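**Student:** Have a look at the structure that comes next, please.
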Amino acid sequence: MGSLKSLIRNARAEGLLTSGIWSTLLKQNKADGYMCVSCSWAKPAEPRPFEFCENGAKATMWDQTKRRCCPEFFAAHSVNELLDWPDHDLEKQGRLLDPMRYNEVTDKYEPVSWETAFRDIGEELRKLDPKSVVFYTSGRASLEASFMYQLFARIYGSSNLPDSSNMCHESTSVGLPESIGSPVGTVQLEDFSRCDLMFFFGHNTGVTAPRLLHPIEEARQRGIPVITFNPLPERGLKRFKNPQNPVEMLSPDAGTKMSSDFFQIRGGGDIAAMTGIAKAVLALDDAARQTGAPRVLDMAFIEDTRMASTRSRPIYAALLGKKSRCVRASRAPISSMWRMSTARLRRSSAITAWA
């Protein structure tokens with residue numbers, strides 16, 4: 001009820017309370033609709049009646065606000081002045097009505113006609129080598145708008161299409177090939193219904209991707225272990241009641257226990273916790289080799305990826321240190337690291353999520 005009241009207040013504030021926003025939201029994140037701009041969680045093949053979270057609905061309302069930012073606003077405020085404004089206050093000015101061009105002399109944005117904007121942009125692009133032009137987009141742009149934008153850039157002859165996500169994910173794209181041989185995550189949406197174990201490292205699901213709570217809840221109801229490491233006792237990975245399930249919402253119980261094990265590690269202690277688990281796995285593999293039992297490590301996978309490269313050897317060397325260092329750095333007990341390691345080895349289809 002709290003989320004519903006919040007959406008009604010937000011719709012009223014944006015002038016949308018009696019508009020078609022409610023029918024628009026029914027198409028959000030559905031095959032015959034559009035993608036939410038709030039997060040990158042995928043469209044499910046079998047969507048729920050309301051396939052959006054509170055944050056996603058608010059983002060759509062902000063996009064469709066009745067507020068309008070007229071040229072008079074920019075005539076009254078210089079760019080230097082606006083740089084000191086909070087993002088929230090800038091957003092509240094509404095959508096632009098005209099193309100705007102920056103005037104260095106006045107330090108203000110001034111309106112120009114659409115014809116002038118198109119002509120001047122075209123003239124400038126014709127002067128340049130397409131390979132020297134960068135077409136930057138915000139991660140806040142819709143999927144549909146981004147598709148059209150990249151199509152325009154490629155027709156022009158440029159494939160330089162960075163966006164704000166590069167700042168978040170570039171380190172992942174560089175680091176993952178060194179560990180799993182792929183620059184991107186390998187989990188598909190349907191894997192959440194097939195996995196037999198989930199690890200979460202620092203993922204604040206209830207805030208960053210609330211719709212992920214549904215497949216996690218379904219997994220927990222199937223008896224799948226969900227093991228969480230997070231300095232923050234994030235509510236979404238502790239308990240959850242499905243707001244689209246009236247029986248759950250009216251039930252007096254506390255809801256689904258989302259994490260079978262929750263370790264509130266130190267800030268930055270996730271690497272130490274993972275290292276401790278890896279140490280335990282290596283020890284179990286050593287014991288298997290000594291007794292002639294089947295290997296714990298998938299050596300074919302390791303050899304097939306870059307894990308066998310010389311750059312990975314310092315990682316292996318670091319894993320040979322004392323487990324007590326991992327305990328101090330992560331604040332997770334040794335017994336837990338062993339238990340997590342054996343839990344992983346008993347499962348064949350684990351998912352690891354991090355953020």
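**Student:** Those residues that are in contact (Cβ under 8 Å) with a residue 12 or more places away in the chain and in a helix (DSSP H, G or I), I need them from segment 14-30; list them, please.
**Tutor:** Result: Ile21, Thr24, Leu25.
**Student:** Here's something else I'd like to know. For segment 286-310, which residues satisfy the criterion of being modelled with pLDDT of 85 or more, in a helix (DSSP H, G or I) and not basic (Lys, Arg)?
**Tutor:** Answer for segment 286-310, where residues must be modelled with pLDDT of 85 or more, in a helix (DSSP H, G or I) and not basic (Lys, Arg): Asp286, Ala287, Ala288, Gln290, Thr291.
**Student:** Still on this structure, please answer the following. So which residues in segment 195-222 are more than 20 Å from Glu54 (Cα to Cα) and of a type in the set (Gly, Ala, Ser)?
**Tutor:** If the condition is that a residue be more than 20 Å from Glu54 (Cα to Cα) and of a type in the set (Gly, Ala, Ser), then Gly202, Ala219 are the ones that fit.
**Student:** Could you please give the count of residues in segment 228-259 that are within 19 Å of the chain's Cα centre (by Cα) and either assigned to a strand (DSSP E or B) or loosely packed, with under 15 Cβ neighbours inside 10 Å (or both)?
**Tutor:** Residues meeting the conditions: 5.
**Student:** Among the listed residues Phe199, Phe192, which satisfies the condition of being among the aromatic types (Phe, Trp, Tyr), in the same structural domain as Glu303 (by TED's automatic domain parsing), in contact (Cβ under 8 Å) with a residue 40 or more places away in the chain and under 22 Å from Ala45 (Cα atoms)?
**Tutor:** After ruling out the rest, the residue left standing is Phe192.
**Student:** Residue check, Tyr102 against (1) within 15 Å of Ala11 (Cβ to Cβ); (2) in contact with a Phe, Trp or Tyr (Cβ under 9 Å, 6 or more places away or on another chain); (3) exposed (fewer than 14 other Cβ atoms within 10 Å of the Cβ), all met but one. Which one?
**Tutor:** Only one criterion in (1) within 15 Å of Ala11 (Cβ to Cβ); (2) in contact with a Phe, Trp or Tyr (Cβ under 9 Å, 6 or more places away or on another chain); (3) exposed (fewer than 14 other Cβ atoms within 10 Å of the Cβ) is unmet by Tyr102, namely (1).
**Student:** For a quick check of your reading of the model, give me the residue pairs whose first member lies in segment 31-59 and is without any contact (Cβ under 8 Å) to a residue 60 or more places away in the chain, whose second is of a type in the set (D, E, K, R) and in a loop (DSSP other than H, G, I, E, B), with beta-carbon atoms closer than 6 Å and at least 6 apart or on different chains.
**Tutor:** From residues that are without any contact (Cβ under 8 Å) to a residue 60 or more places away in the chain, the pairs are Gly33/Lys27; Pro47/Lys30.
**Student:** Quick one: which residue in Ala57, Ala11 is part of a helix (DSSP H, G or I), over 24 Å from Asp163 (Cα atoms) and not β-branched (Val, Ile, Thr)?
**Tutor:** Ala11
**Student:** Which one is farthest from Gln28 (Cα to Cα) among residues in segment 116-174 that are aromatic (Phe, Trp, Tyr) and exposed (fewer than 13 other Cβ atoms within 10 Å of the Cβ)?
**Tutor:** Phe118
**Student:** One residue is enough: does segment 273-294 have a residue meeting the conditions in the same structural domain as Trp354 (by TED's automatic domain parsing), among the charged types (D, E, K, R) and under 23 Å from Arg239 (Cβ atoms)?
**Tutor:** no
**Student:** In segment 209-254, which residue that is without any contact (Cβ under 8 Å) to a residue 40 or more places away in the chain and among the small types (Gly, Ala, Ser) is farthest from Gln188 (Cα to Cα)?
**Tutor:** Looking at residues that are without any contact (Cβ under 8 Å) to a residue 40 or more places away in the chain and among the small types (Gly, Ala, Ser), I get Ser251.
**Student:** Considering only residues that are of a type outside the set (Phe, Trp, Tyr) and in a strand (DSSP E or B), look in segment 105-144 and name the one that is nearest to Gly15 (Cα to Cα).
**Tutor:** That would be Pro111.
The values are calculated or read from the model by the stated rules, or taken from the named source; none is laboratory data. The structure displayed is predicted, hence computed values, not measured ones. When we count neighbours, we look across all protein chains shown, and the Cβ atoms used for this are built from the backbone with ideal geometry, even at glycine.
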